[in-house]
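The values are calculated or read from the model by the stated rules, or taken from the named source; none is laboratory data. The structure presented is a predicted model; accordingly, all values stated were derived computationally and were not measured. Please note: Cβ atoms are built from the backbone with ideal geometry, for glycine as well, and neighbour counts cover all protein chains shown. These accessible areas exclude ligands, DNA and RNA; they are computed on the full protein's heavy atoms, side chains included. Shrake-Rupley method; radii C 1.70, N 1.55, O 1.52, S 1.80 Å.
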Number of protein chains: 2
Amino acid sequence: MSQEQLIQELISTLGADVVLRGADVPERYQTDWSGTPPQQPLALVRPRTTEEISAALRLCSAHKVAVVPQGGMTGLAGAATPTQGTVALSLDRMNSIEDINSQTGLMQVQAGVTLQAVQEAAVAAGMVFGVDLGARGSCQIGGNVSTNAGGNGVLQHGMMREQVLGLEVVLADGSVLPMLRPMIKNNTGYDLKQFFIGAEGTLGIITRVLLRLRPAPKATATTLVAMPDFDTALAVLGRMQSHFGNSVAAYELMWDSFVQASLSWLKLSAPFAERHPMLALINVDGKDEAQLQDDIQQVLEEAMEAGEVLDAIVAQSVAQAQQLWKLREAPAELNNHMHPAINFDVSLPQADIGRFADACEAAFTARWPQKHSLYFGHVGDGNLHVSVDGATVNGECDAVEAELYRLVGEFKGSVSAEHGIGLHKKPYLSNSRSPAEMAAMRAIKRALDPLGLMNPGKVFEL
Amino acid sequence: MSQEQLIQELISTLGADVVLRGADVPERYQTDWSGTPPQQPLALVRPRTTEEISAALRLCSAHKVAVVPQGGMTGLAGAATPTQGTVALSLDRMNSIEDINSQTGLMQVQAGVTLQAVQEAAVAAGMVFGVDLGARGSCQIGGNVSTNAGGNGVLQHGMMREQVLGLEVVLADGSVLPMLRPMIKNNTGYDLKQFFIGAEGTLGIITRVLLRLRPAPKATATTLVAMPDFDTALAVLGRMQSHFGNSVAAYELMWDSFVQASLSWLKLSAPFAERHPMLALINVDGKDEAQLQDDIQQVLEEAMEAGEVLDAIVAQSVAQAQQLWKLREAPAELNNHMHPAINFDVSLPQADIGRFADACEAAFTARWPQKHSLYFGHVGDGNLHVSVDGATVNGECDAVEAELYRLVGEFKGSVSAEHGIGLHKKPYLSNSRSPAEMAAMRAIKRALDPLGLMNPGKVFEL
């Protein structure tokens, strides 16, 4: 049997400590944070080097056995969960920070290093890394690149794609693409690394990443601002950006539904005496903290006079800023308080987010009058998160999904802003992609993975 | 004859005013600024709409006749020059700015609009566009995207790629990829638009572009700084960035050879009493011009005390800033003063640029003791330009090129930082790309253009 032969060849080539057989594969390699039912792979390979990955892929290719690349298993779309008869290939042993240079602002890492390790190394070198998200302690850079991760820093620094200067990638046939040249400008034919960013492991395995770091801000100030509605929230964002430019580092909008859930789940005291339709947590970078606080105060006063801001707190200490940011931490509690949580991560043309949220709320209420739903998001980037408590919609989770994604299509939005497609959003991909685009994606897939062995069944069917 | 039939079908489908036959094709469509010998195409098509481009490509595809997309014809690598028996397809009639929104900071344009028109529309809307380069009045956005143009704004805003939020592209078979969704975050499968940025028209024709605009700086200050050597120049750049962060908008380094040529060709008076090994033109953005000038003065004083800066001028008016920037305009005069000018546009790992320039100078001097060569560049981006006067190297232009590109390979640099590969750098592409990368590029090309009809013979041979 070819599968048995493949396992024997993997063991004899890579060593028994690198290859685990199906029954021996620990549970953590069988599913991710998406809630996909666990699936035992044929085998788990945990290589230590690019050469070992290349050898493993050559063998899998020879036996026509598919490979599922795995990072920190924190994905929310199921892209890293094994499917039956596949070899899971985990990057978790490739976790070295290979080089960091504060003069050039570049860091080269193996793909299995955690986001948090990257962030900490950047800070130790007097810089910062531009991407941050809740799973930082577990998620790996290779996975962040493969899903083109977003998070809290996008407004200022862009998505993961904009932090990536180079990649090393192993293709399905085992060939290695060395694309780690440390140059911002390099127009020598197709920028191949772009193809693998956000491809969710369907075109190759990312083994090394050359990252761009950003100058560390000298000071950061945080404010929590109450506003009457979404359009006003956009006006306040515009006002802040017009005053502080690219120094506006975060603009996290929370509808009151979200704020109330956060206060209750995290046992926080209400920041304002009154409830308000919408709160925004805003970070602004600058040179001097006291000066920054004064400047923010002044802009907010103008916004209050204009009727845009109803109330506001400017944090006077790091501790107070951290306290304000706790309000944004409800997502970590979703699975404890919603049974189950039906979570959405969508993008809309920025100006339409408010109308979209209203349309969802109206549609949900019409069908499930008891429904409990929350709205929040990185609104500066056009990204809205919605969570619905499955227990309050008669367990009709699929119908909730179908309804929301129908509205995304209607509003010409994206069914996945930052979590990717994986397994779970495949049915809805065509809401955001035309047939011509789907055909082009399939052509690219066949070009780089002609046998269809890289993470098959994820993102789209061939 | 199939070619004759194709022309007849193009005329009957698109109209005689859209299709010109070979002998009627004006000279400006026969070559670009690269100095490639003019070549009459089989025909020139100047469509007015995406639909006309789609129809033209369907016909060309049916007759298996290749197509050369053309923008402003300002390219320096020959990518837009026709080759024998091809149909040239100019975007110059598709020059509408279709939408601009200062709240979302987005502008949608047809591909044939000039860079300068985009810049002016952005300013009129209270924003700025992030890319600027000398050919702004003639070059077109579609060409800027197809070559992933760089220029003066890269340090702050990134390359053209980072200004592009969406594209509309017509593939060789006439199918249209609508990728114009106005969302920063959109992880729904492969980010197909990335494939066409920098592809020099070899994968499809860009017909529309959705551009990101940037907030307009409230004030900009300019300084000209004299320094003893390259490593010090990098230290000064680091010092400026550490103080001003991403507000350092330009850092243009000029070796003395370049400065002297500029003074002489443009009849400028010397900015400093003494000659210095290196001058840098630096722009910094901020909120208040006087404050900014003071801050720069202070940073420069610290740098002078540290021995990094030998002399400096901080412009006290816009007119003085413009006068200082004139020093950087020698490139426009290269072809008038060098016979011929042998121009290079290369990238190096930033820290190695000084040693690379020294190595070139030594290698040139050893073989051509009379050689006249200039060094300058967007050094903050790792980009170096070198120009050599062909008349001072016994006309051995090819040997000069071979020597410089050999050194680029040795220094692990890029043979094209921002001008692309086109026709002229094809022989040297392998100095910057591995065989595995070349194979992947060819696979992508075959996937999206199976008949090889899009700008054949440019960038690489299939």
Task: Residue list for region A:271-315, filter: of a type in the set (Gly, Ala, Ser) and open to solvent by less than 40 Å² (accessible area, probe 1.4 Å) - done: A:Ala280, A:Gly286, A:Ala303, A:Ala312, A:Ala315
Task: Condition met for B:Gln350 (within 21 Å of B:Thr222 (Cα to Cα) and open to solvent by 20 Å² or more (accessible area, probe 1.4 Å)) - done: no
Task: Every residue from region B:195-221 that is open to solvent by 10 Å² or more (accessible area, probe 1.4 Å) and of a type in the set (S, T, N, Q) - done: B:Thr220
Task: Of all residues making up region A:235-256, the number that are open to solvent by 10 Å² or more (accessible area, probe 1.4 Å), more than 23 Å from the chain's Cα centre (by Cα) and within 30 Å of A:His372 (Cβ to Cβ) - done: 2
- [ ] Among the candidates B:Trp368, B:Trp325, single out the residue that is farther than 26 Å from A:Pro182 by Cα and in contact (Cβ under 8 Å) with a residue 60 or more places away in the chain.
- [x] B:Trp325
TODO: Output the residue which, of all residues in region A:257-270 that are touching a residue at least 12 places away in the same chain (Cβ under 8 Å) and among the small types (Gly, Ala, Ser), is most open to solvent (accessible area, probe 1.4 Å).
DONE: A:Ser257
- [ ] Go through region B:97-118 and give me each residue that's in contact with a Leu (Cβ under 6 Å, 6 or more places away or on another chain) and of a type in the set (Gly, Ala, Ser).
- [x] B:Gly105, B:Ala111, B:Gly112
TODO: Return the pairs, sorted by first residue and then second, in which the second residue is among the polar types (S, T, N, Q) and open to solvent by less than 10 Å² (accessible area, probe 1.4 Å), the first residue lies in region B:225-254 and is touching a residue at least 12 places away in the same chain (Cβ under 8 Å), the beta carbons are less than 8 Å apart, and the residues are 6+ apart or on different chains.
DONE: B:Met254/B:Ser262
Open item on the list: For region A:382-416, which positions are aliphatic (A, V, I, L, M), in a loop (DSSP other than H, G, I, E, B) and either open to solvent by 10 Å² or more (accessible area, probe 1.4 Å) or within 14 Å of chain B (Cβ to nearest Cβ) (or both)?
Closed with: A:Val415
Task: Checklist (1) touching a residue at least 12 places away in the same chain (Cβ under 8 Å); (2) under 20 Å from the mean Cα position of the chain (by Cα); (3) open to solvent by 50 Å² or more (accessible area, probe 1.4 Å) applied to A:Gln84, failing item - done: (2)
Task: Residue under evaluation B:Lys425, criteria (1) touching an Asp or Glu at 6+ places or on another chain (Cβ under 8 Å); (2) surrounded by 22 or more Cβ atoms within 10 Å (Cβ to Cβ); (3) among the charged types (D, E, K, R), criterion not met - done: (1)
- [ ] Considering only region A:186-221, state which residues are among the small types (Gly, Ala, Ser) and either within 8 Å of chain B (Cβ to nearest Cβ) or in contact with a Cys (Cβ under 8 Å, 6 or more places away or on another chain) (or both).
- [x] A:Gly189, A:Gly198, A:Ala199
Task: Within region B:172-185, tally of residues that are hydrophobic (A, V, I, L, M, F, W, C), assigned to a loop (DSSP other than H, G, I, E, B) and either facing chain A (nearest Cβ under 7 Å) or out of contact with any strand residue (DSSP E or B) (no Cβ under 9 Å at 6 or more places or on another chain) (or both) - done: 2
TODO: Kindly state which helices (runs of 4 or more DSSP H) lie completely within region B:279-363 and contain at least 1 residues that are within 22 Å of B:Ser416 (Cα to Cα).
DONE: B:334-337
TODO: Take A:Gln103 and decide whether it is open to solvent by 10 Å² or more (accessible area, probe 1.4 Å) and assigned to a helix (DSSP H, G or I).
DONE: no
Open item on the list: Among (1) in contact (Cβ under 8 Å) with a residue 60 or more places away in the chain; (2) crowded, with 17+ Cβ neighbours inside 10 Å; (3) not assigned by TED's automatic domain parsing to the domain that holds A:Glu403, there is one condition A:Gly377 misses while meeting the rest; what is its number?
Closed with: (3)
